[in-house]
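> This is the structure I want to talk about, given as structure tokens.
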Amino acid sequence: MATPNGYLTTPTKTPSEKSSLKRHQSSVDSSAKRSSRFEAYNRLQAAAIAFGEKLPIPEIVALGGQSDGKSSLLEALLGFRFNVREVEMGTRRPLILQMVHDPTALDPRCRFQEEDSEEYGSPVVSGTAIADIIKSRTEALLKKTKTSVSPNPIVMRAEYAHCPNLTIIDTPGFVLKAKKGEPENTPDEILSMVKSLASPPNRILLFLQQSSVEWCSSLWLDAIREIDPTFRRTVIVVSKFDNRLKEFSDRWEVDRYLSASGYLGENIQPYFVALPKDRGTISNDEFRRQISQVDVEVLHHLRDGVKGGFDEEKFKPYVGFGCLRDYLESELQKRYKESAPATLALLEQRSTEITTELARMDSTIQATSDVAHLRRFAMLHAASISNHVGAVIDGAADPAPEQWGKTTHEEQSESGIGSWPGVTVDVKPPNATLRLYGGAAFERVIHEFRCAAYSIECPPVSREKVANILLAHAGRGGSRGVTEAAAEIARAAARSWLAPLLDTACDRLAFVLGNLFDLALERNRSRESEYGGKSGNMDGYISFHASLRHAYIRFVKDLAKQCKKLVRHHLDSVTSPYSQVCYENDFQGGFGSNASNNKFKQVSASSFCLELSEGGAASRDETMRDQENMPPQTNSQQTTPGKGEEGREALRECQMTVPETPSPDQPCEVVYGVKKELGNFVEVGPRKRIARMAGNRNAENIRLQNGGVLLFGNGDNGARSGSAFSEICSSAAQHFARIREVLVERSVTSTLNSGFLTPCQDKLVVALGLDLFAVNDEKFMDMFVAPGAMDVLQNERMSLEKRQKILQSCLNEFKSIARAL
């Protein structure tokens with residue numbers, strides 16, 4: 001405007017114009033801040049989904065039954081249709097809808113986040129294409145995981161000028177029965193998955209239920225109450241509200257229904273929403289116009305169609321889709337603002353952790369190429385495992401025996417060895433029900449072997465076997481006769497019946513020692529976590545751990561083979577024809593009735609027989625009464641069979657020379673004695689070596705009058721000849737018992753201890769070192785760098801680095817947001 005003097009004046013603003021401008025500018029700034037917060041949380045959500053981060057981001061989770069209008073509500077929030085209703089039954093994955101209000105996007109732009117990535121794909125415009133992508137992704141994942149539902153979400157970002165800044169997680173609708181072709185447990189899996197998605201306290205629950213369902217008969221309200229008992233973070237929406245309007249005639253009816261009193265609590269107010277029913281093909285503008293029109297019609301009916309109207313002041317903010325949309329957007333922004341400081345702190349923590357993890361990965365890559373470094377830490381680790389094996393053998397209470405120990409029955413079943421061969425009774429050593437490991441379990445197996453060995457008696461001998469041995473000696477003019485026949489039968493029985501027991505004992509002990517590797521690993525892991533690892537972090541080297549385990553198992557198997565050879569050697573020694581075990585004086589005196597009772601007596605205190613299991617004393621007494629699998633008593637106060645007064649008297653009376661091959665006319669009740677001279681055994685009478693070498697000097701004395709033939713049949717001479725057979729059987733049983741006692745008490749126990757335990761404590765670390773480290777660098781590195789391993793490590797590092805950059809970017813955004821709050 002020109003002034004009278006021709007000059008132009010500067011335009012000025014009135015105070016009212018300035019105030020209006022300030023309010024407008026403040027509104028713009030506030031909207032910009034809300035938009036920046038929303039975008040920051042959207043990016044953070046995308047990163048969390050891509051990398052599996054558990055971040056407490058405020059989110060809305062839509063829940064409801066299959067036909068409660070949940071999909072229609074999502075389309076109304078988006079402002080356009082994409083046929084989500086047609087794929088709801090086809091999808092069994094959550095759908096995260098990130099709605100971004102973009103005034104420049106006059107047409108909706110939808111992009112799907114790539115699977116296992118934070119990147120988004122190309123924009124999709126067609127509603128049919130959106131539905132197809134959702135359906136195809138769901139089917140592909142379920143086929144891959146071979147499940148009917150999956151909690152792995154599909155993320156869709158929708159940018160549109162007519163949608164709010166809102167993020168909603170759409171869940172599969174609750175169903176009572178699986179549809180055709182689906183597993184019968186699909187409803188339960190959907191319910192379980194939805195509960196899991198809704199359980200985090202940072203999520204707002206948007207629960208929909210159609211108006212035709214009464215609160216008292218709601219199928220899914222109880223399920224929501226289990227997740228959020230007080231409905232403190234639940235927004236309840238009554239859908240398809242227009243279907244219920246025609247039932248109201250008076251104001252009190254409307255107000256009572258809208259208040260939902262008596263069912264939801266005093267401070268819980270549901271929203272009431274109705275949406276267009278027309279599913280025809282219409283434009284997006286027409287779709288939004290119909291939504292607004294339905295809201296207007298609902299309010300018009302409540303005001304004019306009901307006598308007295310309704311309490312608008314109280315209930316109008318809760319009626320209509322527009323009110324619900326505004327509330328959800330404002331509530332989510334409120335949660336965003338409240339959680340920003342905590343989210344910032346968590347991002348700083350996660351960023352620091354990722355940085356540390358990235359540094360560790362760099363160290364791993366560098367260490368993988370450093371042979372000397374790997375050798376050093378691998379040796380330290382192997383030595384640590386060896387030390388822990390020795391500690392468990394010596395006796396340890398950690399790890400917990402209740403968890404890591406095994407009972408006798410578990411050892412038998414898990415080892416696949418089962419019961420002791422040839423033993424028909426149930427062998428139950430002391431502490432059989434306790435869970436033991438290490439040295440304690442080893443000693444229990446040793447005692448179990450002794451019990452099993454003493455459970456075996458000399459097997460019955462046929463007359464043919466006796467005749468084959470005895471007649472052969474008689475035919476050659478030998479003088480060994482009955483005693484040597486019995487001894488030979490006992491030696492053969494010992495070799496046949498005791499050899500399998502020795503092999504089984506070695507296998508059982510090897511199984512006990514083989515279990516120590518896992519125990520040693522657990523002890524090493526717990527020690528490193530408590531005191532800090534000094535042997536380096538070897539967890540990632542799977543091939544090395546496999547080689548270490550293989551070397552240990554091979555070491556134990558080699559010990560078992562060596563021990564089998566040693567105990568077999570002892571068995572061969574005591575069963576050799578040159579062995580004097582069968583003729584020792586301290587056994588010969590026990591040919592009476594007392595010898596058979598010795599095997600039932602209790603073991604000496606030096607043996608492993610402390611019964612510590614519950615009810616041990618009673619069970620032990622019962623075992624002593626009912627089972628014949630206990631070793632002979634070795635108490636110093638008890639007299640060895642044959643060394644008592646009765647035994648000495650018997651020896652004095654029976655030290656005489658008699659024919660060794662009895663005649664049917666002679667009673668076979670003679671006991672052949674042995675006396676000791678200067679620690680050596682000197683045979684008396686017919687068993688002197690000079691008498692054995694005399695050939696046929698006493699041939700006439702050992703032949704029978706009946707044609708010189710020995711009779712073992714059951715004919716007329718059966719009663720007379722049976723006495724020789726009985727004596728041989730009795731003598732063989734006593735010889736067998738003596739061989740068994742000498743083998744078990746003098747040889748095998750000490751051999752097994754020195755053959756298994758001593759090498760495990762003294763030679764294990766050397767054996768592992770030779771097996772794993774006495775190789776060239778190329779072969780050594782095969783345990784650490786498999787083909788393509790470096791590429792895998794590099795890819796993991798790149799993923800970590802990318803993750804670090806994204807989290808750092810989100811951290812910087814939230815720092816800016818925090819400064820603006």
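The values are calculated or read from the model by the stated rules, or taken from the named source; none is laboratory data. From a predicted model like this one, the values you see are computed outputs, not experimental measurements. Note: ideal-geometry Cβ built from the backbone for every residue, glycine included; neighbour counts use all protein chains shown. Ligands, DNA and RNA are stripped out before the accessible areas are found, and what is left, the full protein with its side chains, is counted by its heavy atoms. Shrake-Rupley method; radii C 1.70, N 1.55, O 1.52, S 1.80 Å.
> Mind checking whether some residue in the stretch 334-357 is in a helix (DSSP H, G or I), closer than 18 Å to L206 by Cβ, touching a strand residue (DSSP E or B) at 6+ places or on another chain (Cβ under 8 Å) and in contact (Cβ under 8 Å) with a residue 40 or more places away in the chain?
Scanning the stretch 334-357, I find at least one residue that is in a helix (DSSP H, G or I), closer than 18 Å to L206 by Cβ, touching a strand residue (DSSP E or B) at 6+ places or on another chain (Cβ under 8 Å) and in contact (Cβ under 8 Å) with a residue 40 or more places away in the chain, so the answer is yes.
> Go through the stretch 233-253 residue by residue and tally those that are in a loop (DSSP other than H, G, I, E, B) and among the hydroxyl-bearing types (S, T, Y).
So the answer is 1.
> Another question about this same structure. Out of (1) of a type in the set (S, T, Y); (2) touching a strand residue (DSSP E or B) at 6+ places or on another chain (Cβ under 8 Å); (3) under 28 Å from G320 (Cα atoms), the odd one out for S212 is which?
Of the numbered conditions (1) of a type in the set (S, T, Y); (2) touching a strand residue (DSSP E or B) at 6+ places or on another chain (Cβ under 8 Å); (3) under 28 Å from G320 (Cα atoms), the odd one out for S212 is (2).
> Is it fair to say A453 is under 21 Å from V389 (Cβ atoms) and either open to solvent by less than 50 Å² (accessible area, probe 1.4 Å) or in a loop (DSSP other than H, G, I, E, B) (or both)?
It is false that A453 is under 21 Å from V389 (Cβ atoms) and either open to solvent by less than 50 Å² (accessible area, probe 1.4 Å) or in a loop (DSSP other than H, G, I, E, B) (or both).
Yes/no matrix, rows are residues, columns are (1) in contact (Cβ under 8 Å) with a residue 60 or more places away in the chain; (2) under 35 Å from the mean Cα position of the chain (by Cα); (3) within 30 Å of A260 (Cα to Cα):
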site: F321; (1), (2), (3): yes, no, yes
site: S363; (1), (2), (3): no, yes, no
site: A391; (1), (2), (3): yes, yes, no
site: D398; (1), (2), (3): yes, yes, no
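> Another question, if that's okay. Give the number of residues within the stretch 344-365 that are open to solvent by less than 30 Å² (accessible area, probe 1.4 Å) and either of a type in the set (V, I, T) or at positive phi (or both).
Result for the stretch 344-365: 2.
> Residues in the stretch 366-386: is at least one under 30 Å from I806 (Cβ atoms), among the small types (G, A, S), open to solvent by 40 Å² or more (accessible area, probe 1.4 Å) and not in a helix (DSSP H, G or I)?
yes
> Suppose the filter is polar (S, T, N, Q), open to solvent by less than 50 Å² (accessible area, probe 1.4 Å) and over 13 Å from A76 (Cβ atoms); does Q290 pass it?
When the stated conditions are applied, Q290 does not pass them.
> Let me ask another. Please work out which residue is modelled with the highest pLDDT, limiting yourself to the stretch 80-94 and to residues that are open to solvent by less than 10 Å² (accessible area, probe 1.4 Å) and touching a Pro at 6+ places or on another chain (Cβ under 7 Å).
Out of the qualifying residues, it is P94.
> Tell me which residues, restricted to the stretch 140-159, are of a type outside the set (D, E) and closer than 20 Å to E59 by Cα.
S150, P151, N152, P153, I154, V155, M156, R157, A158
> So, of the residues in the stretch 128-152 that are open to solvent by 50 Å² or more (accessible area, probe 1.4 Å) and part of a loop (DSSP other than H, G, I, E, B), which turns out to be farthest from L208 (Cα to Cα)?
K146
> Further question: If you go through the stretch 310-331 one residue at a time, how many are in contact with a helix residue (DSSP H, G or I) (Cβ under 8 Å, 6 or more places away or on another chain), buried (at least 16 other Cβ atoms within 10 Å of the Cβ) and not hydrophobic (A, V, I, L, M, F, W, C)?
Counting residues in the stretch 310-331 that are in contact with a helix residue (DSSP H, G or I) (Cβ under 8 Å, 6 or more places away or on another chain), buried (at least 16 other Cβ atoms within 10 Å of the Cβ) and not hydrophobic (A, V, I, L, M, F, W, C) gives 3.
> Evaluate the stretch 794-802: report whether one residue or more is at pLDDT below 75 and under 30 Å from L44 (Cα atoms).
No: zero hits.
> Considering (1) open to solvent by less than 40 Å² (accessible area, probe 1.4 Å); (2) under 30 Å from E484 (Cα atoms); (3) of a type outside the set (F, W, Y); (4) at pLDDT below 80, say which one D716 fails and leave the rest.
(1)
> Scan N284, N267 and give me the residue that is at pLDDT below 90 and open to solvent by less than 70 Å² (accessible area, probe 1.4 Å).
Answer to the check: N284.
> Does the stretch 54-79 hold any residues that are in contact (Cβ under 8 Å) with a residue 40 or more places away in the chain and open to solvent by 10 Å² or more (accessible area, probe 1.4 Å), and which are they?
Of everything in the stretch 54-79, those that are in contact (Cβ under 8 Å) with a residue 40 or more places away in the chain and open to solvent by 10 Å² or more (accessible area, probe 1.4 Å) turn out to be L55, P56, E59, Q66, S67, D68, G69, S72.
> While we're here: Please find, among V175, V155, the residue that is open to solvent by 10 Å² or more (accessible area, probe 1.4 Å) and aliphatic (A, V, I, L, M).
Just one listed residue meets the conditions, V175.
> Could you list, in sequence order, all residues of the stretch 185-232 that are surrounded by fewer than 16 Cβ atoms within 10 Å (Cβ to Cβ) and part of a loop (DSSP other than H, G, I, E, B)?
Once the filter is applied, which keeps residues that are surrounded by fewer than 16 Cβ atoms within 10 Å (Cβ to Cβ) and part of a loop (DSSP other than H, G, I, E, B), the stretch 185-232 yields N185, S199, P200, P201, N202, S212, E214, L219, P229, T230, R232.
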